[in-house]
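Note sheet for the following structure.
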Amino acid sequence: MNAPTMRSTSALLYLSGVTVSFDGFKALNNLSLLIEPGEMRAIIGPNGAGKTTMMDVITGKTRPDTGEVVFDGQADLTKLDEASIATLGIGRKFQKPTVFENHTVRDNLLLALAGMRSWYRLLTAAPTKAENERLEEILSIIRMGPQQHMLGARLSHGQKQWLEIGMLLAQNPKLMLVDEPVAGMTDVETETTAQVLREVNKSHSVVVVEHDMSFVRALGVKVTVLHEGSTLAEGSLDQVSADPRVVEVYLGR
Amino acid sequence: MQSLRPFSVLLSVVASLALAGAALAADLATLVGNLTSGGLSEREAAITALAASGEERAAPILEALAAGQLYVRTSDKVAVIGKADGNRLALVDAISGSPAGNAVEADLERVRVNNRLRGTIEAAVGSLTLMSPNAKVRLSAAESLFKRRDPAALPALDQALAAEKDPRIKRAMTEARAAVVLATADAPAAQKLAAIGVLRDRADRDSLGVLNAAASAASDAEVKAAALAAAGSIEQTLAAWQMAQNVWYGISLGSVLLLAAIGLAITFGTMGVINMAHGEMVMLGAYTTFVVQEVIRTSAPHLFDVSLAIALPLAFVVSGAIGILIERTIIRFLYGRPLDTLLATWGLSLVLQQAVRSIFGSSNREVGAPSWMSGAFQLGQLNITYGRLWIVVFSLVVFAALILILRKTPLGLYMRAVTQNRPMASAVGIRTPRVDALTFGLGSGIAGLAGVALSQIDNVSPNLGQGYIIDSFMVVVFGGVGNLFGTLIGALTLGVVNKFLEPYAGAVLGKILVLVFIIMFIQRRPRGLFALKGRSVE
Amino acid sequence: MITRFLWQGMDRNLRLFVLLILAVGISLPLANLILAATNPAHVPSWVLQLVGKYLCYALLALAVDLVWGFCGILSLGHGAFFALGGYCMGMYLMRQIGSRGVYGNPILPDFMVFLNYKELPWFWHGFNHFWFAAIMVVLVPSVLAFALGWFAFRSRVTGVYLSIITQAMTFALMLAFFRNDMGLGGNNGLTDFKDILGYSVQADGTRAALFFASSVALALGLIISAAVVGSRFGKALTAVRDAESRMRFLGYRVEGFKLFVFVLSAAMAGVAGALYVPQIGIINPGEFAPGNSIEAVLWVAVGGRGTLIGPIIGAVLVNFGKTWLTGALPEVWLFALGALFIVVTLLLPKGIVGLWGQMKSRSQSRKARAPA
């Protein structure tokens, strides 16, 4: 295969020939994808196109039947579990916001904060000064300082989305996978989220899966269209929108 | 000498049994008279004559004589057979065979025999029974001769063999002859080799014993080798039969597990509901059978043979209805909280057990087997009881019926729809609460059916269900949750594995090993043997 | 550092509760030993034995709660850890009988003589020393929990699957311990104890000391649990309970967290069993019965899962009810127990402590709303 040559590229994330099937149904079919360091990429596609499965493969939740997934030029993600992949520097925001409902906003961020992960050190560790400063910083970025002692369960839907983004920031990954960040948000919130993501993109690579076309347009980044588990088209939003195949399967008449 | 006489007498008996009956009875009296009077040499002649008479009573009289149980009553000189009955002897008239009171030994005079006479008697008895007009007697004589392997019986055996028409008896006699030949030290090697061939074809535990004995006793190297080879081949055959028997026991156990687990496979597998009271649904089915049989015993005894047929639908309804009640009052409030469901249904199982204990008492209840379920038959060297056979058949029928319900009926369609996508199912107009209740009712009802079957092989007590709940879960989890065929394979596999372990490890240790095996297995394949894959699993 | 670790989870309520446990642990034995039998405040020995049993059960409940309430692992096999701890202690007590047994064999316990054992099975060696038995009380349940947890958590066996596995484990152990050739007394278990550390187990003074030891063990268990739960580890633990896969995506090795509490909890259960056996005077395979383990889960549910005080309250209340009902209306007890399972899961998912907390926060929010 051409893996050795590809591995020497500077790509941050590299998927090649990835296939995943569930009971004969191919959720991903020979999918290839390349994300450069510092890039922000939008992934669109109809339901069942394999967007979430792709995220699952990258984060180690699902093992591909065949294919290569390489991160940062050396780590073979198909061999690692979720925790190792997360430690390597891949963060994920879920489609349905999942925050820790019985923890305060601050504790949610503390848990996400990069660094301390081993159970025996956590038994005796108290948050350091640097950690507390970082928490304050993130709380102000996501504008949730006043709510920091509120339980996750009491947050509104939008607040949970923000908290999740805050947790991603706290995790400080090299690559962020963001699944439908503006689902259920108002137009204003959507616009703000786009701003935040662009801000985040200055220091992190980001992959955004989204349905909302106006949001994708607002991001103004390269778009990959998935269909039936493989890449249908790639390019700017205007380019892919003009592609007749994309129009056929996704954008509609 | 007189070797042809019994044969001709036998023929005449067969030809004119009815005509000659009276004459022969008179003849018998004379012969017995000769036997009990006179000296030892006359007695020997009388024995031979009696044996030659072909008389049915001849055999018991001669056997009694050999055993020292033939007496002459001092008071009336009647020949009697006396068997010890406490301090006294219970008497049977030697000629008629009818009871003749009892007596103390002092009032009787024993007809004495010596060792030489005993030999004569034995040969005479052997030939007598071998020549009996009754096919059953001949067969059992041949079979007993096979076990006794008495060389003295060889001439009589040859004679009987020549006359025998029934192929089954003929084979039994040939085998007996082979056994006798092998036990006779000075028989020619050629005959012994032929005998070894006969026994190798018989291939059972008894012939193995004969062959082993012959091999260790043989002086001829060729005979010894042949006997050893035949014994080896029999051992293989026996091992194969033993394995088949184990497989059968395993299938039988597996079918019981299947019955107990199949309802669980529905409630746990398709609804994700952990029903710890599932065993109690089985128990209720068993008690329904008990009640049905009680009613039949008191009011319609002639219906006893169909009691299970009556109990089946009733058990289904009783357990099913209680299942629906449980679903509506408890379980539906706990959907999405499997661990709480587990605890609540455990509590429920305690309540149900105690309720049954209060009503029926805590002791075991008698549930009878209808006539068509009792007894056993022999298939090759397999011993198969009808009860177990019917349970295997029944479990497969229930399984097939369930598959049909799931695939072909609207309820099955709705059930699958609700399992796969609850919101969508309710959006297209399926009343999901009703489907839940019916599904749970179906699972519980099947447990009730299992209870009817289990009442035939297990103690019907309030604890009946408890013994099955862990096993059932193991089967469902092992087979793969949500996959009925997995449950079938899982049940049969666990049943067979269990029975194969038992001879080596004992029943309890075998069970422990199986549990440990499943614990390890679940850890390797948490989703079971036939796992559903896909995003919906999470 | 250890004191800081132990102190970090303690709030005022918890400190008071620990003091209460210790107060009971001191005052009841004293009231038994010092006060005359005619004194109305005298505590009879049977009450001491009963409450001592409750204290052991409370420690078991706390252990169950640690894994279930705080980590979401519903173990239906903690009775096995409890019983294993009990057997370790029982083996020590058997060895202390010495030649005072019916058969008078100085080495072999009676049941071994009866079963024609020629020598002590290998695993009985060392149990003549108290220190060895004390180590085993903690070690044996821990090792079993570690082995089970290691495989189960790594294979991501969770939820009801794990519950069923733990139940199968205790069931298998029960079958095994019922066998005579296990060399552990079979059906009859271990009993007829004479001495512990040289003191007669029957003596009032020994009973009082055992009672006090139980209260200390419970208090210590509570302090350790509070420390674990109150640490950052504890935050991660409850996060694992609430959203396990989310924790993985944050980079936590969830298995390690689960394994640690599971082993810690098994060790606590083992200690509870070890204190239980000399006070009750017998340990037999019936302690492995799946029903026992699941009953311990009920104590936690009644008191309030995910709280530290709840399981202790639940264990004492339910067992008090059991003692009273099985004496007064024996046939009602199982109905009551069964109904309790149903009622608590349906109506009181947070248990008594949760109910109290709810009422308190409701009255607080009413107060908070009042000025506005």
- Task: Beta carbons within 10 angstrom, averaged per residue: use that to sort the peptides A:137-146, B:135-144, C:268-277, highest first.
- Result: C:268-277, B:135-144, A:137-146
- Message: I want to check the label-to-label distance for C:Leu347 and C:Phe114. Put each point 7 Å from Cα in the C-beta direction and report it in nm to one decimal.
- Response: 4.7
- With everything on Cα atoms, drop me the angle between helix C:12-33 and the longest principal axis of chain C, reported from 0 to 90° to the nearest 10. 30
- Note on the structure: Once phi for every residue in segment A:39-54 is put through the Karplus expression 6.51 cos²θ - 1.76 cosθ + 1.60 (θ = phi - 60°), the whole-Hz ³J(HN,Hα) values, with Gly and Pro written as x, are 7, 10, 10, 9, 10, 10, x, x, 4, x, 6, x, 4, 5, 4, 4
- What is the antiparallel percent of DSSP beta bridges lying wholly in the protein assembly as shown, to the nearest 5? 70
- Given all pairs of distinct Cα atoms, chain B yields a Kirkwood Rh in Å of 28.7
- Put a dot 7 Å past each Cα toward the Cβ at B:Thr30 and C:Thr323; how far apart are the dots in nm? 9.6
- Query: Going highest first, how would you order B:442-453, A:180-191 by mean Cβ packing within 10 Å?
  - Reply: B:442-453, A:180-191
- Can you pull the mean other chain C-beta count within 10 Å for peptide C:233-240? 6
- Label-reachable residues, segment B:181-221, where backbone N falls under 11 Å from a point 7 Å from B:Ala229's Cα toward its Cβ: B:197
- Go ahead and run the numbers for FRET between B:Val428 and B:Glu143, Cβ-Cβ distance against an R0 of 60 Å, rounding to 0.05. 0.25
- Query: If amide H atoms are built 1.01 Å from N in the plane of the peptide, which residues on other chains or at least 5 residues away come under 5 Å of the amide H of A:His227?
  - Reply: A:Leu232
- Task: Pop the C-beta distance of B:Ala376 and B:Ala185 into the FRET formula with R0 = 30 Å and round what comes out to the nearest 0.05.
- Result: 0.15
- So what is log10(I(q)/I(0)) for segment C:1-140 at q = 0.11, 0.14, 0.17 1/Å, when the Debye sum runs over its Cα atoms only? -0.69, -0.99, -1.14
- Sorted by chain and then number, the residues having a modelled amide H within less than 5 Å of the amide H of A:Val207, at least 5 places away or on another chain, are A:Arg41, A:Met176, A:Leu177, A:Val178
- Message: Give me, ordered by chain and number, the residues 5 or more places off B:Arg110 or on other chains with an amide H under 5 Å from its own placed amide H.
- Response: B:Val72
- Spacing of the two label points (7 Å from each Cα toward its C-beta) at B:Leu161 and B:Ser299, in nm: 6.5
- Cα pair count fraction exceeding 23 Å, expressed as % - segment C:141-274: 52
- Kirkwood-based shape ratio for segment C:242-372, expressed as Rg/Rh from alpha carbons: 1.08
- Item | chain A, Cα convex hull volume normalised per residue, Å³ | 145
- Query: Quick one: in segment B:424-465, what % of C-alpha pairs are over 11 Å apart?
  - Reply: 70
- Counting all Cα-Cα pairs in segment C:2-369, those more than 35 Å apart amount in percent to 26
- With R₀ set to 41 angstrom, the calculated FRET efficiency between the beta-carbons of B:Val508 and C:Ala339, to the nearest 0.05, is 0.75
- With N denoting the number of residues in segment B:99-158, provide Rg(C-alpha) divided by 2.2 N^0.38 Å, to two decimal places. 1.46
- Global geometry of segment B:242-537, whether rounded, prolate or oblate, following the gyration tensor of its Cα atoms and the 1.5 cut on a/c: oblate
- Message: If I fit a long axis through the Cα atoms of helix C:204-230 and take the longest principal axis of the Cα atoms of chain C, what angle between them do I get, 0 to 90°, rounded to 10?
- Response: 30
- For segment B:296-301, what does the Karplus curve 6.51 cos²θ - 1.76 cosθ + 1.60, with θ = phi - 60°, yield as ³J(HN,Hα) per residue in whole Hz, taken in order and with x for Gly and Pro? 5, 4, 7, 10, 8, x
- Item | Number of partner chain Cβ atoms within 10 Å, mean per residue of B:354-363 | 2
- Extension gain (nm, one decimal) between B:Ile403 and B:Asp85, 0.36 nm per residue minus Cα-Cα: 108.2 nm
- Find how many whole Å separate the alpha carbon centroid of segment C:242-257 from the alpha carbon centroid of segment B:32-111. 93
- Most mobile listed residue (C:Val343, C:Val302, C:Val64) in chain C, GNM with C-alpha springs under 10 Å: C:Val343
- Item | Derived scalar couplings ³J(HN,Hα) [segment B:362-370; Karplus, 6.51 cos²θ - 1.76 cosθ + 1.60; whole Hz; x for Gly, Pro] | 8, 7, 5, 9, 7, 10, x, 9, x
- Treating the Cα atoms of the protein assembly as shown as identical point scatterers in vacuum, please give the log10 of the normalised Debye intensity I(q)/I(0) at q = 0.08 Å⁻¹, two decimals. -1.03
- Under the definition of partner shielding as Cβ atoms of other protein chains within 10 Å of a residue Cβ, what is the mean value for peptide B:512-519? 5
- Item | Two-decimal Rg/Rh across segment C:78-170, once Rg and the Kirkwood Rh are taken from alpha-carbon atoms | 1.12
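Only the coordinates and a few stated rules stand behind these numbers; no lab work does. What you see is a predicted model, and the numbers here were worked out from it, not measured in a lab. Here Cβ is always computed from backbone atoms with ideal geometry, including for glycine, and neighbour counts include all displayed protein chains.
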